[in-house]
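The values are calculated or read from the model by the stated rules, or taken from the named source; none is laboratory data. Being a predicted model, the structure only gives us computed values, none of them experimental. Counting neighbours? That spans all protein chains shown, and the Cβs are built from the backbone with ideal geometry, glycine included. The protein model used for the area step is the full one, side chains on, heavy atoms only, and it has no ligands, DNA or RNA in it. Shrake-Rupley method; radii C 1.70, N 1.55, O 1.52, S 1.80 Å.
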Amino acid sequence: MNDRRDLERLCIHTVTTKPLSLEKAVESYGRAGVKGITVWRDALEGHEPRAAGRRIRDAGLEVVSLCRGGFFPAASEAARREAVDENRRIVDEAAALGAPLIVLVCGAVPGMPLAEARRQIADGIAAVLPHAREAGVALGVEPLHPMYADSRSAVNTLAQANDLCRKLAHPSLGVVVDVYHLWWDPDLEREIERAGGSILAFHVSDWKTPTEDLLLDRGLMGEGCIPIRGIREWVEAAGFGGYNEVEIFSRRRWEMDQSELLEEIVEAYQLHS
Ligand code: ZN
């Protein structure tokens, strides 16, 4: 039997409660005892980032990160340049919001050799890093499960993300560990240890059997087969002391009453994270 956790390290991604407006999310998270919020850019649309950040902090919540930047690889030079420009704008947005971190979903192009996509990712990140440093915002490379290697990310293991960080060796660059993407990796414990202090964020959800939709059927913690507490112990042993961020894309849960969903999340977090 697991011990119940307190909520001090509980953060929720706005996408988890996608039907809620940012205002509503902030209000409901605060009421549910949630301490941190990771803001997705779609939730920020139509808001002035500085005012949104103020509102979040006034509600007693901490802005943990902005999701998301990345998507660097592209077929043409012009499109790659545009991706870098867009990421610089995202850095400005994060700085205004008061988010210390941008989560990078690095990107991939169907049909482009993965090695080429990975080169373009390294170049893209390197081009954004000086601006990020100036703005005081860190970039976190989030490896995505290999099922997304065609179109969302050519960075698919923590080993790759660690190698990339080592190669670019920049104080504003680190990795994001998301249990949904990485739980299957036989090298995970070793790579978490290797990442050490460069782990900038920790995302939790669960892998359901069967998974009915590869994107929109993530489970609540405890509903699937991911040993979340074990992985959390590894990241904490590596020196990570930040939030556990609940990031769940679930069509079924977006259809339910979102305050009931928040109650479910709090309960699942206490028991299984
Ligand atoms: Zn994630």
Quiz item: Any residue at all in segment 105-122 that is surrounded by fewer than 22 Cβ atoms within 10 Å (Cβ to Cβ), within 16 Å of the ligand (Cβ to nearest atom) and without any contact (Cβ under 8 Å) to a residue 40 or more places away in the chain?
Solution: no
Quiz item: So which of Ala126, Ala169, Ala96, Ala132 ends up being under 27 Å from Val246 (Cα atoms), among the small types (Gly, Ala, Ser), open to solvent by 10 Å² or more (accessible area, probe 1.4 Å) and away from the ligand (no atom under 16 Å from the Cβ)?
Solution: Ala96
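Rundown of residues vs (1) surrounded by fewer than 23 Cβ atoms within 10 Å (Cβ to Cβ); (2) touching a residue at least 40 places away in the same chain (Cβ under 8 Å); (3) not polar (S, T, N, Q), yes/no style:
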| residue | (1), (2), (3) |
| --- | --- |
| Arg5 | yes, yes, yes |
| Cys11 | no, yes, yes |
| Thr16 | no, yes, no |
| Leu22 | yes, no, yes |
| Ala25 | no, no, yes |
| Val34 | no, yes, yes |
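To keep it simple, each residue is scored yes or no on (1) under 26 Å from Ala99 (Cβ atoms); (2) out of contact with any Ser or Thr (no Cβ under 7 Å at 6 or more places or on another chain).
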{"position": "Gly196", "(1), (2)": "yes, yes"}
{"position": "Phe202", "(1), (2)": "yes, yes"}
{"position": "Ser205", "(1), (2)": "yes, yes"}
{"position": "Lys208", "(1), (2)": "no, yes"}
{"position": "Thr211", "(1), (2)": "no, yes"}
{"position": "Asp217", "(1), (2)": "no, no"}
{"position": "Cys225", "(1), (2)": "no, no"}
Quiz item: Out of Leu216, Leu182, which single residue is surrounded by fewer than 16 Cβ atoms within 10 Å (Cβ to Cβ) and within 15 Å of the ligand (Cβ to nearest atom)?
Solution: Leu216
Quiz prompt | Checklist (1) open to solvent by 40 Å² or more (accessible area, probe 1.4 Å); (2) in contact with a Gly (Cβ under 7 Å, 6 or more places away or on another chain); (3) part of a helix (DSSP H, G or I) applied to Glu264, failing item | solution = (2)
Quiz item: Out of all the residues in segment 77-93, which are open to solvent by less than 50 Å² (accessible area, probe 1.4 Å) and over 20 Å from Trp40 (Cβ atoms)?
Solution: Ala79, Val84
Exercise. Return yes or no: is Val204 aliphatic (A, V, I, L, M), within 26 Å of His131 (Cα to Cα) and within 15 Å of the ligand (Cβ to nearest atom)?
Key: no
Practice problem: May I ask you to say which residue of Leu114, Leu101, Leu144, Leu66 is on the phi < 0 side of the Ramachandran plot, touching a Gly at 6+ places or on another chain (Cβ under 8 Å) and not polar (S, T, N, Q)? | Solution: Leu101
Self-check item: Qualifying positions in segment 234-256 - closer than 18 Å to Gly222 by Cβ and assigned to a loop (DSSP other than H, G, I, E, B)
Solution: Glu247, Ile248, Phe249, Met256
Quiz prompt | Qualifying residue in segment 225-233 (condition: within 23 Å of Ala159 (Cα to Cα), in contact with a Gly (Cβ under 6 Å, 6 or more places away or on another chain) and more than 15 Å from the ligand (Cβ to nearest atom)) | solution = no
Quiz item: Which ranges mark the strands (runs of 3 or more DSSP E) fully within segment 1-84 that have 2 or more residues being among the small types (Gly, Ala, Ser) and within 16 Å of the ligand (Cβ to nearest atom)?
Solution: 62-70
